[in-house]
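The values are calculated or read from the model by the stated rules, or taken from the named source; none is laboratory data. Bear in mind the structure is a predicted one, so any value in this text is a computation, not a measurement. FYI the Cβ positions are ideal-geometry reconstructions off the backbone, even for glycines, and counts take in every protein chain you see.
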Amino acid sequence: MESHTAKSMGCFFWPLLVYLPLAQGVDCKPGCHQVNGFCEVSNECRCHPGWQGPLCDQCVPFPGCLHGTCVKPGQCMCEEGWIGSRCDTVVHPCSSKPCSNYSRNCIETGNGGYICLCAQGYMGKNCHMKKGPCIVNG
């Protein structure tokens, strides 16, 4: 595992011959993110703004983000079945009437999905294709 270390340094002032020690070396917590995290004492991992988690490898989403995630701080990317700037509005796909006139019903399957129950003689995701006779070697 990688660790970040602050090097021990000193200053030598001539002619005073004074040695002033600066920061002693510290090792961050193993796995602490090299860009999003830092440490001031050994075996810690403190996060820069916008990052969280024990290793500072999880972004902080947009405030109020309910059913979403982020890749970068401040984002709110909605999980399937949710919309809105805070991913707080559930998707009702059947309300937009996606099934054709050859469907008997639209059923929401959860997570923003749906299925159309096709009338006899029709098929396809939205019951938009008429079934025809099979052609063999044709």
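Before we move on, is Asn43 under 30 Å from Lys131 (Cα atoms) and more than 14 Å from the chain's Cα centre (by Cα)? Give the derivation first.
On the way: under 30 Å from Lys131 (Cα atoms): no; more than 14 Å from the chain's Cα centre (by Cα): yes.
For Asn43, the condition - under 30 Å from Lys131 (Cα atoms) and more than 14 Å from the chain's Cα centre (by Cα) - is not met.
Can you name the residue in region 51-88 that is exposed (fewer than 14 other Cβ atoms within 10 Å of the Cβ), of a type outside the set (A, V, I, L, M, F, W, C) and out of contact with any Lys or Arg (no Cβ under 7 Å at 6 or more places or on another chain) and is also nearest to Tyr122 (Cα to Cα) among such residues? Restricting to residues being exposed (fewer than 14 other Cβ atoms within 10 Å of the Cβ), of a type outside the set (A, V, I, L, M, F, W, C) and out of contact with any Lys or Arg (no Cβ under 7 Å at 6 or more places or on another chain), the top hit is Glu80. Pairs linking a residue in region 92-103 that is in a loop (DSSP other than H, G, I, E, B) to a residue that is modelled with pLDDT under 85 and of a type in the set (Phe, Trp, Tyr), with Cβ atoms under 9 Å and 6 or more positions apart or on different chains, do not occur.
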